[in-house]
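Below: the structure, in structure tokens.
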Ligand code: HMG
Ligand code: MG
């Protein structure tokens, strides 16, 4: 029993670009975001209010938000109180926190243990919910950690439970290094679906080993109808060795539309967005659908 419609949450401007060493000029990023909206994207991670020393590509977060318009759900990532302050100052209405199931990964990513992160984040979520903001929680290393190996499902469920209790609107559960297989994806997402029926649930797959589309199909069967993906298949976390690109938005859209599942996304407009970034990065974009297009 599969859904008729699926929501794609575009993470290209954030996850897609954060791992690129070459700085993409701010006006190009702004145009990229506009083109993605024209293609029909309704929810998007635009940027991250993180330390510019840690992730230089995101140093222009203020300018990205200042130039942004429209009615879409515009999400920004924040790692700490300073990030939240910057986001509120910029007028953001949808904020994402991120935490790793794995302590080692969390320390490398935000310089705190998972427990320390949660102790800092949960009170912030409660405050922001009082101001009626949309809150997303991104759960990293939900299947495997590059440092600690396989994660326990019970630890993921426990972390999601803490977020859910604090009132988050969306749980985005991530296979950070693209090592989950479809059986594992089905198992975890079925349990999440059974436990958190009141919360939006999103699957975030990286395609490091080519298993992301199969995992999306498994998650669909577990009842998931929200997927994070990145235009052009760019992406990866700079602090998770082996995390290559997110699953490409165009490849997800193509597969789902072939299955008569509607995404509301116009592929030809999406390709225009990707082309902008391809030119700016001066390297070819290698997603399946985009490469096929260039051979037509
Ligand atoms: P720290 O060094 O422990 O921070 O880093 P600190 O509090 O000691 O501050 C050090 C300096 O950073 C200070 O400046 C602060 O003001 C500044 P200084 O006095 O040295 O000039 N600072 C900030 N500046 C701007 N914005 C801020 C901010 N906070 C402090 N928000 C910190 C801790 C959390 C800041 C750092 O570790 C960090 O920024 N980490 C972000 C890492 C990141 O962006 N990772 C990628 C996103 S997560 C991901 O990709 C996974 C996901 O896609 C799901 C999946 O696939 O798994 C979501
Ligand atoms: Mg990611």
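We did not get these values from a lab; they are worked out from the coordinates using the rules stated. Since this is a predicted model, take the numbers as computed values, not measurements. Neighbour counts run over all protein chains shown; Cβ positions are idealised from the backbone, glycine included.
Taking other C-beta atoms within 10 Å as the exposure proxy, 229, 94, 72 rank 72, 94, 229 from fewest upward.
Springs between Cα atoms under 10 Å define the GNM used for the chain, and in it the highest mean-square fluctuation of 88, 17, 77 occurs at 88.
Out of all DSSP beta bridges with both ends in the chain, state the antiparallel percent to the nearest 5.
On the way: 3 of 38 bridges.
Looking only at bridges with both residues in the chain, the antiparallel portion is about 10 percent.
Semi-axes of the equivalent ellipsoid for the chain, please: Cα gyration tensor eigenvalues, times 5, square-rooted, ordered largest first, whole Å.
Details: eigenvalues 131, 106, 67 Å².
Semi-axes, largest first: 26, 23, 18 Å.
What share of the DSSP beta bridges in segment 107-247 is antiparallel, in percent to the nearest 5? Provide the component values of the computation, followed by the final result.
Working: 3 of 15 bridges.
If we restrict to bridges inside segment 107-247, about 20 percent are antiparallel.
Here the label points at residue 82 and residue 69, each 7 Å from Cα along the C-beta direction, are separated by 3.3 nm in the simple model. Only Cα sites of segment 150-296 enter the Debye sum here, all with the same form factor; the resulting log10 I(q)/I(0) across q = 0.11, 0.14, 0.16 1/Å is -0.44, -0.70, -0.89, listed in q order. Using the basic label-point model (7 angstrom from Cα toward the beta carbon), what is the residue 21 to residue 132 distance in nanometres? So the two model labels end up 4.7 nm from each other. Of 147, 290, 186, the sequence from fewest to most neighbouring Cβ atoms within 10 angstrom is 147, 186, 290.
Pairs of alpha-carbon atoms within less than 8 angstrom and 6+ residues apart define the contacts here; what relative contact order does segment 161-208 have, in percent? Result for segment 161-208 is 61 percent. Descending by average beta-carbon neighbour count within 10 Å, the peptides 173-182, 37-46 line up as 173-182, 37-46, the highest first. Taking 7 Å steps out from each Cα toward its Cβ at residue 153 and residue 34 produces label points 4.7 nm apart.
Please tell me the relative contact order of segment 198-291 in percent, rounded to the nearest whole number, where contacts are Cα pairs under 8 Å and at least six residues apart. Provide the component values of the computation, followed by the final result.
On the way: 114 pairs, mean separation 24.5, N = 94.
Once divided by the residue count of segment 198-291, the mean separation gives 26 percent.
Across all C-alpha atoms in segment 5-72, the radius of gyration and Dmax reach 11.8, 40 Å. A Förster radius of 22 Å combined with the Cβ-Cβ distance from residue 291 to residue 187 puts the calculated FRET efficiency at roughly 0.10.
What separates the Cα centres of segment 22-72 and segment 196-256 is a distance of 20 Å. Write down Rg/Rh for segment 150-196, rounded to two decimals, with Rg from the C-alpha atoms and Rh from the Kirkwood relation over Cα pairs. Radius of gyration relative to Kirkwood radius: 0.96. Per residue, the average separation of C-alpha pairs within less than 8 Å and at least 6 apart gives segment 1-125 a relative contact order of 20 percent. Take the convex hull of the alpha carbons in segment 101-213; its mean projected area over all directions comes to 6.8 nm².
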